[in-house]
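Peer 1: I have a structure here, written as structure tokens, and I will follow up with some questions on it.
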Amino acid sequence: MNENLYTIFGAAAREARLRLGLTQADVAERVGIAMEVYSRMERGRMLPRAQTLRRLCDVLSVSADALLGVGPGSAQAQVRSPPRQEDSLELRRLVRTLRELEPPRLKAVARVVRTVVSVMPPKPAPGASPTARKKPAPPARKRRAG
């Protein structure tokens, strides 16, 4: 019975995570556990403690019943709230990397980013073609001396 529960829990957690477009590292970070621990849960190797289960439900936007495979509609994790727009995978990875930096290094990276962004060309107006550029002015004609 326990093995079956582990497998049901893992499959429901994975399905909910993928529905939200999150990585295992994203979920682990938001829940406050090691990624390896969350990975073991998804693979059906272990179950979370009660307080971790509660945090998982919040992060994955599913009920504990759905994760544990009990109650009506337990074959598929039931969504408690509609999926929300998440940041891009690239941005989440960058933020995770930045969180690991010590304050002086984070400050230095922030300065570099602000400098790079300040010299980037402006974002095109909505509806404008990203490749559309203004034509350069024709060269001035030279007058003949005479």
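The values are calculated or read from the model by the stated rules, or taken from the named source; none is laboratory data. Just so you know, these numbers come straight off a predicted model, no measurement behind them. Cβ sites come from the backbone with ideal geometry, for glycine too, and all protein chains shown count toward neighbours.
Peer 1: What are the residue pairs meeting all of these: first residue in segment 99-116, first residue exposed (fewer than 10 other Cβ atoms within 10 Å of the Cβ), second residue of a type outside the set (D, E, K, R), Cβ atoms under 9 Å, and 6 or more apart or on different chains?
Peer 2: Final answer for the pair search is Arg99/Leu106.
Peer 1: So which of Glu29, Glu86, Glu36, Glu90 ends up being modelled with pLDDT under 90, assigned to a helix (DSSP H, G or I) and among the acidic types (Asp, Glu)? Working first, answer last.
Peer 2: Numbers: Glu29 fails: modelled with pLDDT under 90; Glu86 fails: assigned to a helix (DSSP H, G or I); Glu36 fails: modelled with pLDDT under 90.
Matching residue, one of Glu29, Glu86, Glu36, Glu90: Glu90.
Peer 1: Would you please list the contacts, defined by Cβ atoms under 9 Å and residues six or more apart or on different chains, that run from a residue in segment 4-33 that is on the phi > 0 side of the Ramachandran plot to a residue that is in a helix (DSSP H, G or I) and not small (Gly, Ala, Ser)?
Peer 2: So the pair list comes out as Gly21/Leu89; Gly32/Thr52; Gly32/Arg55.
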